[in-house]
Amino acid sequence: MPDELNAKGYDIPPEMQNTVAITTLDKLYNWGRRYSAWPMMFGLACCAIEMIATAASRFDLARFGMEIMRPSPRQADVMLVSGTVTKKMVPQIVRLYNQMPEPKYVVAMGACASGGGPFKEGYNVVSGIDKFLPVDVYIPGCPPTPQALLYGLMKLQEMMDKQSIKSVRWYQKGDLPEIPVPILGPDLIDPRDYPDFEFKLRQAYAEKTEEEAS
Amino acid sequence: MYGKGILKGLGVTLKHFVETYVDDFRRGRKRYGTREGVEYRSSKDVSGLFTVQYPEEQLIIPEEFRFVPFLVYDEGENGEREIRCTSCGICAKVCPPQCIWIHRSEDPKTGRPVPEPAEFYIDIDVCMNCGLCAEFCPFDAIIMDHDFELAVYDRHSNNIYDKEKLLKPASYYQKIRPRNYAAQEKIRQEKAAKKAARARK
(Lines give C-alpha, C1' and ligand atoms only; values in the text may rest on other atoms or scores of the structure.)
Protein backbone atom coordinates (compact mmCIF):
# COMPACT_ATOMS: atom_id res chain seq x y z
CA MET A 1 0.00 0.00 0.00
CA PRO A 2 1.61 3.29 -0.97
CA ASP A 3 2.37 5.74 1.80
CA GLU A 4 0.89 8.62 -0.12
CA LEU A 5 -2.55 7.08 0.28
CA ASN A 6 -2.50 7.10 4.08
CA ALA A 7 -4.21 10.00 5.82
CA LYS A 8 -2.20 11.70 8.52
CA GLY A 9 -3.07 11.45 12.17
CA TYR A 10 -4.02 7.80 12.38
CA ASP A 11 -1.85 5.24 14.10
CA ILE A 12 -1.81 1.92 12.34
CA PRO A 13 -0.36 -0.91 14.45
CA PRO A 14 3.03 -1.98 13.09
CA GLU A 15 1.94 -5.51 12.27
CA MET A 16 -0.81 -4.17 10.00
CA GLN A 17 1.19 -1.40 8.37
CA ASN A 18 1.54 -3.06 5.00
CA THR A 19 -1.96 -4.39 4.77
CA VAL A 20 -4.22 -1.58 5.98
CA ALA A 21 -4.56 2.01 4.85
CA ILE A 22 -6.74 4.68 6.40
CA THR A 23 -7.56 7.29 3.87
CA THR A 24 -10.13 9.81 2.76
CA LEU A 25 -12.40 9.37 -0.22
CA ASP A 26 -10.82 12.38 -1.89
CA LYS A 27 -7.36 10.88 -1.60
CA LEU A 28 -8.47 7.55 -2.97
CA TYR A 29 -10.30 9.25 -5.83
CA ASN A 30 -7.32 11.44 -6.73
CA TRP A 31 -4.88 8.56 -6.34
CA GLY A 32 -6.87 6.59 -8.88
CA ARG A 33 -7.10 9.50 -11.27
CA ARG A 34 -3.54 10.71 -11.12
CA TYR A 35 -2.14 7.39 -12.32
CA SER A 36 -4.60 6.93 -15.16
CA ALA A 37 -4.59 10.21 -17.03
CA TRP A 38 -4.45 9.23 -20.66
CA PRO A 39 -3.32 11.90 -23.08
CA MET A 40 -4.96 12.44 -26.41
CA MET A 41 -2.90 11.47 -29.40
CA PHE A 42 -2.41 14.47 -31.59
CA GLY A 43 0.50 16.73 -32.32
CA LEU A 44 0.45 20.16 -33.85
CA ALA A 45 4.04 21.17 -34.57
CA CYS A 46 7.64 20.57 -33.61
CA CYS A 47 6.79 20.14 -29.90
CA ALA A 48 4.96 16.98 -30.95
CA ILE A 49 8.32 15.40 -31.75
CA GLU A 50 9.40 15.89 -28.14
CA MET A 51 6.04 14.56 -27.00
CA ILE A 52 6.58 11.42 -29.09
CA ALA A 53 10.06 11.06 -27.62
CA THR A 54 8.56 11.34 -24.15
CA ALA A 55 6.03 8.63 -24.88
CA ALA A 56 8.70 6.29 -26.27
CA SER A 57 10.77 3.90 -24.20
CA ARG A 58 13.58 6.24 -23.23
CA PHE A 59 11.40 8.50 -21.07
CA ASP A 60 8.30 6.34 -20.97
CA LEU A 61 5.05 8.10 -20.07
CA ALA A 62 3.73 4.76 -18.81
CA ARG A 63 5.75 5.23 -15.64
CA PHE A 64 3.26 7.96 -14.74
CA GLY A 65 0.23 5.91 -15.65
CA MET A 66 -0.23 7.77 -18.91
CA GLU A 67 -0.10 4.38 -20.54
CA ILE A 68 -1.47 4.93 -23.95
CA MET A 69 -2.22 7.95 -26.06
CA ARG A 70 -5.82 7.67 -27.10
CA PRO A 71 -6.67 8.73 -30.63
CA SER A 72 -10.30 9.23 -29.65
CA PRO A 73 -11.26 12.21 -27.47
CA ARG A 74 -13.93 10.06 -25.79
CA GLN A 75 -11.24 8.01 -24.06
CA ALA A 76 -8.74 10.75 -23.28
CA ASP A 77 -8.27 12.73 -20.07
CA VAL A 78 -5.41 15.07 -20.85
CA MET A 79 -5.10 17.25 -23.91
CA LEU A 80 -1.48 18.00 -24.66
CA VAL A 81 -1.55 21.02 -26.93
CA SER A 82 1.87 20.45 -28.39
CA GLY A 83 2.87 23.20 -30.73
CA THR A 84 1.76 26.22 -32.68
CA VAL A 85 -1.99 26.62 -32.84
CA THR A 86 -3.02 28.15 -36.13
CA LYS A 87 -6.30 29.99 -36.59
CA LYS A 88 -7.42 27.26 -38.91
CA MET A 89 -6.76 24.57 -36.30
CA VAL A 90 -8.44 26.24 -33.30
CA PRO A 91 -12.05 25.25 -34.12
CA GLN A 92 -11.03 21.60 -34.41
CA ILE A 93 -9.09 21.66 -31.14
CA VAL A 94 -11.99 23.23 -29.25
CA ARG A 95 -14.37 20.69 -30.75
CA LEU A 96 -12.10 17.87 -29.62
CA TYR A 97 -11.97 19.40 -26.15
CA ASN A 98 -15.75 19.53 -26.01
CA GLN A 99 -15.90 15.88 -26.99
CA MET A 100 -13.65 14.78 -24.15
CA PRO A 101 -15.48 13.44 -21.09
CA GLU A 102 -14.99 15.07 -17.70
CA PRO A 103 -12.62 15.17 -15.85
CA LYS A 104 -10.42 16.71 -18.49
CA TYR A 105 -7.24 18.72 -18.38
CA VAL A 106 -5.34 20.85 -20.84
CA VAL A 107 -1.57 21.17 -20.87
CA ALA A 108 -0.09 23.91 -23.04
CA MET A 109 3.24 22.54 -24.14
CA GLY A 110 5.86 24.94 -25.38
CA ALA A 111 6.04 28.66 -25.99
CA CYS A 112 3.68 28.62 -28.98
CA ALA A 113 0.79 26.89 -27.26
CA SER A 114 1.04 28.95 -24.09
CA GLY A 115 1.75 32.40 -25.48
CA GLY A 116 2.12 32.35 -29.24
CA GLY A 117 5.87 31.97 -29.09
CA PRO A 118 7.98 33.33 -31.92
CA PHE A 119 4.89 33.43 -34.12
CA LYS A 120 2.96 35.66 -31.75
CA GLU A 121 2.67 38.45 -34.31
CA GLY A 122 1.80 36.10 -37.16
CA TYR A 123 -1.44 36.76 -39.01
CA ASN A 124 -2.42 33.09 -38.87
CA VAL A 125 -1.42 32.09 -35.34
CA VAL A 126 -3.40 32.12 -32.12
CA SER A 127 -1.30 33.76 -29.43
CA GLY A 128 -1.95 31.28 -26.68
CA ILE A 129 -4.50 28.46 -26.52
CA ASP A 130 -5.66 29.85 -23.17
CA LYS A 131 -7.74 32.37 -25.07
CA PHE A 132 -10.02 29.50 -26.04
CA LEU A 133 -9.52 26.67 -23.53
CA PRO A 134 -9.03 26.56 -19.75
CA VAL A 135 -5.35 25.59 -19.52
CA ASP A 136 -4.15 23.85 -16.35
CA VAL A 137 -0.39 23.69 -16.79
CA TYR A 138 1.90 25.78 -18.96
CA ILE A 139 5.27 24.34 -19.92
CA PRO A 140 7.68 26.94 -21.29
CA GLY A 141 10.51 26.09 -23.63
CA CYS A 142 10.99 25.96 -27.35
CA PRO A 143 10.54 23.05 -27.38
CA PRO A 144 10.47 21.72 -23.82
CA THR A 145 12.74 18.71 -23.56
CA PRO A 146 11.11 15.39 -22.68
CA GLN A 147 12.18 15.87 -19.06
CA ALA A 148 10.62 19.34 -18.96
CA LEU A 149 7.39 17.84 -20.29
CA LEU A 150 7.50 15.13 -17.64
CA TYR A 151 7.97 17.81 -15.01
CA GLY A 152 4.89 19.60 -16.32
CA LEU A 153 2.88 16.39 -16.21
CA MET A 154 4.03 15.80 -12.64
CA LYS A 155 2.77 19.30 -11.84
CA LEU A 156 -0.55 18.27 -13.33
CA GLN A 157 -0.62 15.21 -11.08
CA GLU A 158 0.09 17.42 -8.08
CA MET A 159 -2.81 19.59 -9.12
CA MET A 160 -5.09 16.54 -9.33
CA ASP A 161 -4.03 15.63 -5.79
CA LYS A 162 -5.35 18.91 -4.44
CA GLN A 163 -8.80 18.59 -5.97
CA SER A 164 -11.78 17.58 -3.90
CA ILE A 165 -14.94 15.76 -4.93
CA LYS A 166 -17.03 18.47 -3.28
CA SER A 167 -15.67 21.29 -5.37
CA VAL A 168 -14.71 19.81 -8.73
CA ARG A 169 -16.69 21.24 -11.60
CA TRP A 170 -17.91 17.93 -13.00
CA TYR A 171 -19.90 17.03 -9.89
CA GLN A 172 -21.69 20.36 -9.62
CA LYS A 173 -25.42 20.51 -10.24
CA GLY A 174 -26.60 21.36 -13.72
CA ASP A 175 -25.01 20.93 -17.09
CA LEU A 176 -21.52 22.12 -17.73
CA PRO A 177 -21.42 24.86 -20.32
CA GLU A 178 -19.77 23.88 -23.58
CA ILE A 179 -16.83 25.89 -24.72
CA PRO A 180 -17.92 27.90 -27.75
CA VAL A 181 -16.24 26.72 -30.92
CA PRO A 182 -14.53 29.68 -32.57
CA ILE A 183 -15.31 30.42 -36.17
CA LEU A 184 -12.43 30.83 -38.56
CA GLY A 185 -12.18 34.59 -38.41
CA PRO A 186 -10.86 37.18 -40.77
CA ASP A 187 -7.11 37.35 -41.18
CA LEU A 188 -5.16 40.48 -40.60
CA ILE A 189 -4.36 40.42 -44.30
CA ASP A 190 -7.05 39.35 -46.72
CA PRO A 191 -5.58 38.55 -50.13
CA ARG A 192 -8.79 39.67 -51.79
CA ASP A 193 -8.15 43.18 -50.54
CA TYR A 194 -4.83 43.45 -52.27
CA PRO A 195 -5.85 45.44 -55.38
CA ASP A 196 -7.83 47.76 -53.13
CA PHE A 197 -4.90 48.02 -50.77
CA GLU A 198 -2.61 48.93 -53.63
CA PHE A 199 -5.08 51.53 -54.87
CA LYS A 200 -5.29 53.09 -51.41
CA LEU A 201 -1.52 53.23 -51.14
CA ARG A 202 -1.29 54.89 -54.55
CA GLN A 203 -3.95 57.40 -53.57
CA ALA A 204 -2.13 58.23 -50.34
CA TYR A 205 1.12 58.63 -52.23
CA ALA A 206 -0.51 60.91 -54.82
CA GLU A 207 -2.00 63.08 -52.07
CA LYS A 208 1.35 63.34 -50.36
CA THR A 209 3.19 64.39 -53.52
CA GLU A 210 0.45 66.94 -54.29
CA GLU A 211 0.86 68.44 -50.86
CA GLU A 212 4.59 68.66 -51.31
CA ALA A 213 4.20 70.27 -54.73
CA SER A 214 1.78 72.93 -53.47
CA MET B 1 11.24 -13.14 -50.07
CA TYR B 2 8.67 -10.75 -48.74
CA GLY B 3 8.69 -9.88 -45.05
CA LYS B 4 12.39 -10.54 -44.57
CA GLY B 5 13.02 -6.94 -43.55
CA ILE B 6 10.26 -7.05 -40.95
CA LEU B 7 11.72 -10.19 -39.40
CA LYS B 8 15.16 -8.63 -39.37
CA GLY B 9 13.83 -5.50 -37.65
CA LEU B 10 11.92 -7.50 -35.08
CA GLY B 11 15.08 -9.50 -34.46
CA VAL B 12 16.98 -6.32 -33.65
CA THR B 13 14.22 -5.22 -31.27
CA LEU B 14 14.24 -8.61 -29.58
CA LYS B 15 18.01 -8.49 -29.26
CA HIS B 16 17.82 -5.11 -27.52
CA PHE B 17 15.08 -6.41 -25.26
CA VAL B 18 17.09 -9.44 -24.17
CA GLU B 19 20.27 -7.41 -23.80
CA THR B 20 18.53 -5.07 -21.39
CA TYR B 21 17.93 -7.91 -18.97
CA VAL B 22 21.42 -9.33 -19.46
CA ASP B 23 22.86 -5.90 -18.71
CA ASP B 24 20.61 -5.44 -15.69
CA PHE B 25 21.81 -8.75 -14.37
CA ARG B 26 25.47 -7.96 -14.97
CA ARG B 27 25.60 -4.44 -13.59
CA GLY B 28 22.99 -4.73 -10.88
CA ARG B 29 21.61 -1.76 -8.99
CA LYS B 30 24.46 0.56 -9.97
CA ARG B 31 22.82 0.93 -13.36
CA TYR B 32 20.02 3.12 -11.98
CA GLY B 33 19.92 6.24 -9.88
CA THR B 34 23.62 7.07 -9.95
CA ARG B 35 25.46 9.54 -12.14
CA GLU B 36 27.81 6.84 -13.37
CA GLY B 37 24.84 4.70 -14.26
CA VAL B 38 23.23 7.46 -16.31
CA GLU B 39 26.55 8.26 -17.93
CA TYR B 40 27.07 4.64 -18.89
CA ARG B 41 23.52 4.24 -20.18
CA SER B 42 23.75 7.33 -22.38
CA SER B 43 27.14 6.33 -23.82
CA LYS B 44 27.36 4.86 -27.29
CA ASP B 45 28.65 1.44 -26.25
CA VAL B 46 25.67 0.59 -24.11
CA SER B 47 23.75 -2.56 -24.90
CA GLY B 48 20.03 -2.83 -24.43
CA LEU B 49 17.27 -0.30 -24.04
CA PHE B 50 16.94 1.93 -21.05
CA THR B 51 14.56 4.40 -19.53
CA VAL B 52 15.63 7.58 -17.77
CA GLN B 53 13.82 7.39 -14.43
CA TYR B 54 13.25 11.12 -14.62
CA PRO B 55 12.29 12.49 -11.22
CA GLU B 56 14.84 10.27 -9.46
CA GLU B 57 17.61 10.67 -12.01
CA GLN B 58 18.27 13.04 -14.88
CA LEU B 59 20.06 12.87 -18.17
CA ILE B 60 23.44 14.54 -17.95
CA ILE B 61 23.00 17.98 -19.44
CA PRO B 62 25.72 18.93 -21.92
CA GLU B 63 27.38 22.26 -21.34
CA GLU B 64 25.98 23.88 -24.46
CA PHE B 65 22.40 22.95 -23.61
CA ARG B 66 20.24 26.06 -23.61
CA PHE B 67 16.89 26.87 -22.13
CA VAL B 68 15.67 30.35 -21.18
CA PRO B 69 18.31 33.04 -20.61
CA PHE B 70 19.36 34.60 -17.32
CA LEU B 71 21.32 37.70 -16.30
CA VAL B 72 24.71 37.34 -14.61
CA TYR B 73 25.86 39.43 -11.69
CA ASP B 74 29.27 39.42 -10.01
CA GLU B 75 29.35 39.25 -6.25
CA GLY B 76 31.20 42.25 -4.80
CA GLU B 77 33.32 42.23 -1.70
CA ASN B 78 30.53 43.29 0.62
CA GLY B 79 28.03 40.96 -0.95
CA GLU B 80 26.53 43.60 -3.22
CA ARG B 81 25.48 42.66 -6.68
CA GLU B 82 27.43 44.09 -9.58
CA ILE B 83 25.16 43.57 -12.54
CA ARG B 84 27.16 43.00 -15.71
CA CYS B 85 24.38 44.26 -17.99
CA THR B 86 24.86 47.84 -19.17
CA SER B 87 21.41 48.04 -20.81
CA CYS B 88 22.97 48.63 -24.24
CA GLY B 89 20.01 46.87 -25.81
CA ILE B 90 21.92 44.70 -28.29
CA CYS B 91 20.18 41.54 -27.02
CA ALA B 92 16.77 43.17 -27.48
CA LYS B 93 17.72 44.15 -31.04
CA VAL B 94 19.00 40.74 -32.14
CA CYS B 95 16.23 38.75 -30.41
CA PRO B 96 14.32 37.15 -33.32
CA PRO B 97 10.91 36.95 -31.59
CA GLN B 98 11.49 40.25 -29.75
CA CYS B 99 10.89 38.96 -26.25
CA ILE B 100 13.27 41.26 -24.34
CA TRP B 101 12.30 44.66 -22.94
CA ILE B 102 14.82 46.87 -21.22
CA HIS B 103 14.23 50.13 -19.37
CA ARG B 104 17.42 52.11 -19.03
CA SER B 105 18.13 53.81 -15.75
CA GLU B 106 18.88 57.49 -15.40
CA ASP B 107 20.73 59.48 -12.84
CA PRO B 108 17.96 61.21 -10.82
CA LYS B 109 19.96 64.41 -10.45
CA THR B 110 21.48 64.99 -13.84
CA GLY B 111 19.06 62.98 -15.93
CA ARG B 112 21.89 61.33 -17.82
CA PRO B 113 21.81 57.60 -18.55
CA VAL B 114 23.52 55.21 -16.14
CA PRO B 115 24.91 51.95 -17.58
CA GLU B 116 22.60 49.67 -15.64
CA PRO B 117 19.13 48.36 -16.45
CA ALA B 118 16.30 49.80 -14.36
CA GLU B 119 13.99 47.05 -15.55
CA PHE B 120 14.73 43.95 -17.58
CA TYR B 121 11.93 41.71 -18.80
CA ILE B 122 11.95 38.49 -20.79
CA ASP B 123 8.68 36.92 -21.82
CA ILE B 124 9.52 33.23 -21.73
CA ASP B 125 6.27 32.42 -23.50
CA VAL B 126 7.76 34.11 -26.55
CA CYS B 127 11.43 33.20 -26.07
CA MET B 128 12.54 30.52 -28.53
CA ASN B 129 15.78 29.56 -26.69
CA CYS B 130 17.91 30.38 -29.73
CA GLY B 131 20.76 31.85 -27.67
CA LEU B 132 21.42 34.82 -29.95
CA CYS B 133 21.22 37.23 -26.99
CA ALA B 134 23.97 35.33 -25.18
CA GLU B 135 25.97 35.12 -28.39
CA PHE B 136 25.84 38.86 -29.07
CA CYS B 137 26.20 40.24 -25.56
CA PRO B 138 29.53 42.14 -25.44
CA PHE B 139 29.67 41.98 -21.63
CA ASP B 140 28.83 38.26 -21.15
CA ALA B 141 25.90 39.47 -19.09
CA ILE B 142 23.17 37.25 -20.49
CA ILE B 143 23.65 33.48 -20.54
CA MET B 144 21.42 30.56 -21.45
CA ASP B 145 20.28 28.59 -18.42
CA HIS B 146 20.19 24.83 -17.89
CA ASP B 147 17.14 24.79 -15.63
CA PHE B 148 14.21 23.31 -17.50
CA GLU B 149 11.79 22.65 -14.63
CA LEU B 150 9.69 25.74 -15.24
CA ALA B 151 6.13 24.49 -15.65
CA VAL B 152 3.55 26.73 -13.96
CA TYR B 153 -0.20 26.87 -13.38
CA ASP B 154 -0.62 30.51 -14.39
CA ARG B 155 1.45 32.09 -17.09
CA HIS B 156 0.31 35.69 -16.75
CA SER B 157 1.75 36.14 -13.28
CA ASN B 158 4.76 33.83 -13.63
CA ASN B 159 6.05 33.68 -17.15
CA ILE B 160 7.18 37.25 -17.71
CA TYR B 161 10.51 37.18 -15.93
CA ASP B 162 11.62 40.46 -14.37
CA LYS B 163 15.10 41.52 -13.31
CA GLU B 164 14.88 39.90 -9.87
CA LYS B 165 13.88 36.57 -11.34
CA LEU B 166 16.50 36.69 -14.09
CA LEU B 167 19.51 37.65 -11.98
CA LYS B 168 21.78 34.79 -11.00
CA PRO B 169 25.33 34.94 -9.59
CA ALA B 170 28.45 34.35 -11.66
CA SER B 171 29.22 31.35 -9.45
CA TYR B 172 26.08 29.69 -10.79
CA TYR B 173 27.25 30.41 -14.32
CA GLN B 174 30.60 28.83 -13.47
CA LYS B 175 28.83 25.79 -12.09
CA ILE B 176 26.65 25.09 -15.13
CA ARG B 177 29.13 26.07 -17.87
CA PRO B 178 32.67 25.65 -16.49
CA ARG B 179 34.47 25.65 -19.86
CA ASN B 180 32.65 28.66 -21.28
CA TYR B 181 33.15 30.53 -18.04
CA ALA B 182 36.90 29.86 -17.98
CA ALA B 183 37.35 30.97 -21.60
CA GLN B 184 35.34 34.17 -21.09
CA GLU B 185 37.04 34.95 -17.81
CA LYS B 186 40.45 34.70 -19.50
CA ILE B 187 39.42 37.21 -22.17
CA ARG B 188 37.95 39.53 -19.55
CA GLN B 189 41.14 39.48 -17.51
CA GLU B 190 43.28 40.17 -20.57
CA LYS B 191 41.07 43.14 -21.43
CA ALA B 192 41.26 44.46 -17.88
CA ALA B 193 45.07 44.13 -17.89
CA LYS B 194 45.29 46.03 -21.20
CA LYS B 195 43.03 48.77 -19.84
CA ALA B 196 45.16 49.08 -16.70
CA ALA B 197 48.35 49.27 -18.76
CA ARG B 198 46.84 52.00 -20.92
CA ALA B 199 45.78 53.96 -17.85
CA ARG B 200 49.31 53.81 -16.44
CA LYS B 201 50.75 55.36 -19.60
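The values are calculated or read from the model by the stated rules, or taken from the named source; none is laboratory data. Given the structure is predicted, the values throughout are model-derived calculations rather than measurements. Here the Cβ is made from the backbone with ideal geometry for all residues, glycine too, and neighbour counts use every protein chain on show. SASA here: full protein model, heavy atoms, side chains in, ligands and nucleic acids out. Shrake-Rupley method; radii C 1.70, N 1.55, O 1.52, S 1.80 Å.
To the nearest 10, the accessible area of A:Cys46 is 90 Å² with a 1.4 Å probe.
Let me know the shape class of the stretch A:34-171, please: from the alpha-carbon gyration tensor, a ≥ b ≥ c as square roots of the eigenvalues, rounded when a/c is under 1.5, otherwise prolate if a/b is greater than b/c, or oblate. Oblate is the answer for the stretch A:34-171, as a/c is 1.5 or above yet b/c matches or exceeds a/b. Ellipticity at 222 nm from helices only: DSSP H runs of n ≥ 4 in chain A, each -39500 (n - 2.57), divided by the residue count, give -10500 deg cm²/dmol.
Put +1 on the Cβ of each Lys and Arg and -1 on the Cβ of each Asp and Glu in chain A; which of A:Pro180, A:Leu28, A:Pro103 then has its Cα farthest toward the positive end of the dipole? Among A:Pro180, A:Leu28, A:Pro103, the one farthest towards the positive end of the dipole of chain A is A:Leu28. Per residue, the accessible area of the protein assembly as shown comes to 61 Å², computed with a 1.4 Å probe over protein heavy atoms only.
Considering only the Cα atoms of the stretch B:24-82, their convex hull presents on average a projected area of 6.8 nm². What are the residues of the stretch B:130-166 that lose 50 Å² or more of accessible area, with a 1.4 Å probe, going from their chain alone to all protein chains? Hits at the 50 Å² cut-off: B:Phe148, B:Ala151, B:Tyr153, B:Arg155.
Would you mind putting A:10-22, A:26-38 in packing order, based on average other-beta-carbon counts within 10 Å, highest first? Intermediate results must be reported in sequence, preceding the final value.
Working: A:10-22: 10.2, A:26-38: 16.4.
Result, highest mean Cβ count within 10 Å first: A:26-38, A:10-22.
Within 10 Å of the Cβ of each residue in A:117-127, the mean number of Cβ atoms contributed by other protein chains is 3.
Per-residue surface analysis assigns A:Glu50 an accessible area of about 50 Å², computed on protein heavy atoms at 1.4 Å probe radius. Charging the Cβ of each Asp and Glu at -1 and of each Lys and Arg at +1, and nothing else, the dipole of the stretch B:69-200 about its Cα centre rounds to 820 debye.
Considering only alpha-carbon pairs that sit under 8 angstrom and 6 or more positions apart, the relative contact order computed for the stretch A:33-76 is 56 percent.
At R0 = 60 Å, how high is the FRET efficiency between B:Lys165 and B:Leu10 if r is their beta carbon distance? Nearest 0.05 is fine. Walk me through the intermediate numbers first.
Values: r = 51 Å, r/R0 = 0.84.
After rounding to 0.05, the efficiency reads 0.75.
Full extension of the chain between A:Val20 and A:Glu207 yields a length gain of 58.6 nm, computed as 0.36 nm times the residue separation minus the alpha carbon distance. Across the cross-link table entries A:Lys120/A:Lys155; A:Lys87/A:Lys120; B:Lys93/B:Lys168; A:Lys27/A:Lys104; B:Lys15/B:Lys44, which are compared at the Cα atoms, the separations over 20 Å belong to A:Lys120/A:Lys155; B:Lys93/B:Lys168. For the set B:Tyr181, A:Tyr138, solvent exposure ranked by accessible area (probe 1.4 Å, protein chains only) runs largest to smallest as B:Tyr181, A:Tyr138. Dividing the mean sequence gap of close Cα pairs (under 8 Å, 6+ apart) by how many residues chain B holds gives a relative contact order of 19 percent. Computed over protein heavy atoms with a 1.4 angstrom probe, the accessible surface ordering of B:Ile122, B:Ile60, largest first, is B:Ile60, B:Ile122. With 40 Å² as the minimum drop in accessible area between chain alone and full protein complex (1.4 Å probe), the qualifying residues in the stretch A:134-158 are A:Tyr138, A:Pro140, A:Cys142, A:Thr145, A:Gln147, A:Tyr151, A:Lys155. Taking B:His156, B:His103, B:His146, B:His16 and ordering them by how much accessible surface each has at a 1.4 Å probe, largest first, produces B:His156, B:His103, B:His16, B:His146.
Taking only the C-alpha atoms of the stretch B:1-149, the Rg (one decimal) and the largest Cα-Cα distance, Dmax (whole number), read 24.6, 88 Å.
Restricting attention to the protein assembly as shown, close to 55% of DSSP beta bridges with both partner residues there are antiparallel. Under a cut-off of 26 Å between alpha-carbon atoms, report the lysines in cross-link reach of B:Lys109, not counting same-chain residues fewer than 8 places apart. Straight-distance partners of B:Lys109: B:Lys163. B:Tyr32 sits with roughly 80 Å² accessible to a 1.4 Å probe, with DNA, RNA and ligands left out of the calculation.
Roughly how much accessible area, to the nearest 100 Å², goes out of reach of solvent when A and B pair up, both sides summed, probe 1.4 Å?
Values: alone 13490 and 14380 Å², together 25310 Å².
Roughly 2600 Å² of accessible surface disappears when A and B pair.
The mean number of Cβ atoms from other chains found within 10 Å of a Cβ in peptide A:107-113 is 3, as a whole number. Projecting the Cα atoms of B:Gln189, B:Gln174, B:Val114 onto the charge dipole of the stretch B:69-200, computed from C-beta unit charges around the Cα centre, puts B:Gln189 farthest toward the positive end. Can you bin the protein assembly as shown into rounded, prolate or oblate? Criterion: square roots of the alpha carbon gyration tensor eigenvalues sorted a ≥ b ≥ c, rounded for a/c under 1.5, prolate for a/b above b/c, oblate for the rest. It comes out oblate by the Cα gyration axes.
Within the stretch A:34-171, what percent of beta bridges assigned by DSSP are antiparallel, to the nearest 5? Show your work: numbers first, answer last.
Numbers: 1 of 11 bridges.
So the antiparallel bridges amount to about 10 percent of the total.
Of interest is the spacing of the C-alpha centroids, which for the stretch B:57-91 and the stretch A:1-57 amounts to 37 Å.
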